[in-house]
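Structure first, then comments.
The values are calculated or read from the model by the stated rules, or taken from the named source; none is laboratory data. Note that this is a predicted model, so its numbers are computed, not measured. Don't worry about glycine lacking a Cβ; one is built from the backbone with ideal geometry, like all the others, and counts go over all protein chains shown.
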Amino acid sequence: MARTAVVVGAGIGGLSAAIGLRRAGWDVTVLERVAAFRPVGAGLVLQANGLRCLDALGLGEAVRMRGRADASAGTRRPDGRWLARIAAGDLERLLKTSAIGIHRATLHEILLGALPEATVVTGAQVTAVTADGLVDYEGPAGPARIAADLVVGADGIHSTVRRLMWPAAAAPVHVGVRAWRGVTPPWDGDLAVAFTWDRGAEFGIVPLVDGRVYWFGAVNAAPGGPAGDEKAQVQARFGGWHEPIPALVAATGTVLGDDLACLDEPLPTYVLGRVALLGDAAHAMTPNLGQGANQALEDA
Ligand SMILES: Cc1cc2nc3c(=O)[nH]c(=O)nc-3n(C[C@H](O)[C@H](O)[C@H](O)COP(=O)(O)OP(=O)(O)OC[C@H]3O[C@@H](n4cnc5c(N)ncnc54)[C@H](O)[C@@H]3O)c2cc1C
């Protein structure tokens with residue numbers, strides 16, 4: 001009889017783990033608290049390590065087709081001067097694969113499409129987990145329980161599985177950075193991947209395959225700063241930086257703003273009995289490392 005796994009959370013890490021487990025012959029159920037997936041989030045950069053994992057899951061080609069790989073890249077100053085440049089193709093020569101800029105929703109859609117529909121149960125919020133593999137959840141039809149040989153806690157930075165199984169573990173901490181993210185409509189003109197640095201502030205530009213542009217801005221700031229119009233805050237902070245930064249922000253509809261947090265005290269182990277943590281649930285890191293999704297893929 002096939003071994004059974006319950007994966008808690010259908011983010012990038014949870015779906016990848018489910019795909020990998022199925023390829024290894026396991027019976028998998030993914031429990032996801034949201035009732036329906038919406039195209040939320042902004043862009044991600046998949047690096048060589050994440051792409052190798054997607055290759056191992058049989059999805060590397062599908063992702064490369066829907067991501068953008070051919071951009072040149074570099075670091076700039078707010079007045080636009082380049083500090084360093086990498087020509088298109090150089091990363092690929094060095095690492096044997098290029099980095100791919102992709103919308104998180106596109107990657108999520110590819111992963112979800114690689115699983116049979118019945119594998120992922122939405123509207124299922126996990127409320128209790130035991131080391132011997134019992135999982136309680138509030139499901140679409142009311143409270144339910146599953147017994148599994150393996151439980152994978154892939155439920156993100158505010159992980160319920162981590163809180164229940166590792167009660168002494170430190171909670172996420174704010175890192176003193178406010179970050180904004182956005183995706184423009186299709187953009188006229190060829191853009192490089194560029195990271196612009198100033199003291200205590202950074203702005204990143206990542207062109208996507210369909211002409212849209214993912215951007216982020218980050219500034220050193222205590223959590224709980226001024227609420228209100230996120231776009232206006234980005235314009236106030238980055239409006240004087242080199243083009244196309246002000247134009248990209250002006251062209252963006254929804255701007256997402258977050259006070260960044262991470263898990264800064266590593267757990268002694270990510271495995272307890274039949275339960276294992278992965279991705280942000282295990283080791284949430286700050287986005288400037290560009291590795292959150294990539295390391296979730298490695299874990300999977
Ligand atoms: C909505 C969303 C948008 C994001 N957008 C970006 C982005 O634009 N750019 C970027 O770089 N990173 C983004 N991230 C973060 C990035 O995707 C993650 O750092 C990385 O992919 C690691 O993913 P993960 O699978 O470990 O966790 P997550 O992607 O956080 O996924 C965790 C999943 O678990 C579910 N969940 C949580 N608690 C429970 C519970 N009790 N029961 C059942 N399910 C539960 C959540 O609903 C979520 O779907 C986003 C994350 C989320 C959730």
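Numbers for the structure displayed
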| quantity | calculated |
| --- | --- |
| Residue ID - modelled with the lowest pLDDT, chosen from residues in the range 141-160 that are surrounded by fewer than 14 Cβ atoms within 10 Å (Cβ to Cβ) and over 23 Å from ARG22 (Cα atoms) | ALA141 |
| Selected residue (only one of ALA293, ALA300, ALA247 is aliphatic (A, V, I, L, M) and over 25 Å from SER72 (Cα atoms)) | ALA300 |
| Check on ALA232, out of contact with any Asp or Glu (no Cβ under 6 Å at 6 or more places or on another chain) and more than 16 Å from the ligand (Cβ to nearest atom) | yes |
| Selection count, the range 104-154, where residues are under 29 Å from LEU44 (Cβ atoms) and among the polar types (S, T, N, Q) | 4 |
| Spans of strands (runs of 3 or more DSSP E) in the range 212-300 with at least 2 residues assigned by TED's automatic domain parsing to the domain that holds PHE195, more than 26 Å from HIS158 (Cα to Cα) and at pLDDT 95 or above | none |
| Residues of the range 190-222 that turn out to be over 18 Å from ILE86 (Cβ atoms) and free of Cβ contacts under 8 Å to residues at least 24 places away in the same chain, as a count | 2 |
| Counted residues, the range 60-98 - those being surrounded by 15 or more Cβ atoms within 10 Å (Cβ to Cβ), touching a strand residue (DSSP E or B) at 6+ places or on another chain (Cβ under 6 Å) and without any contact (Cβ under 8 Å) to a residue 60 or more places away in the chain | 2 |
| Subset of the range 103-129 (residues that are in a loop (DSSP other than H, G, I, E, B) and free of Cβ contacts under 8 Å to residues at least 40 places away in the same chain) | PRO116 |
| Lone qualifier among ALA141, ALA124, ALA114 - being of a type in the set (Gly, Ala, Ser), near the ligand (Cβ under 9 Å from one of its atoms) and assigned by TED's automatic domain parsing to the domain that holds LEU15 | ALA124 |
| Restricting the range 224-250 to residues that are surrounded by 15 or more Cβ atoms within 10 Å (Cβ to Cβ) and within 17 Å of PRO207 (Cα to Cα), the residue that is farthest from the chain's Cα centre (by Cα) | HIS242 |
| The range 128-154: number of residues that are touching a strand residue (DSSP E or B) at 6+ places or on another chain (Cβ under 6 Å) and farther than 16 Å from ALA35 by Cβ | 17 |
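Okay, residues lined up against (1) in a helix (DSSP H, G or I); (2) of a type in the set (S, T, N, Q); (3) over 21 Å from GLU298 (Cα atoms); (4) out of contact with any Ser or Thr (no Cβ under 7 Å at 6 or more places or on another chain):
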site: LEU15; (1), (2), (3), (4): yes, no, no, yes
site: ALA36; (1), (2), (3), (4): no, no, yes, no
site: PRO39; (1), (2), (3), (4): no, no, yes, yes
site: LEU51; (1), (2), (3), (4): yes, no, no, no
site: LEU54; (1), (2), (3), (4): yes, no, no, yes
site: ALA62; (1), (2), (3), (4): yes, no, no, yes
site: GLY74; (1), (2), (3), (4): no, no, yes, yes
site: ARG85; (1), (2), (3), (4): no, no, yes, no
site: GLY101; (1), (2), (3), (4): no, no, no, yes
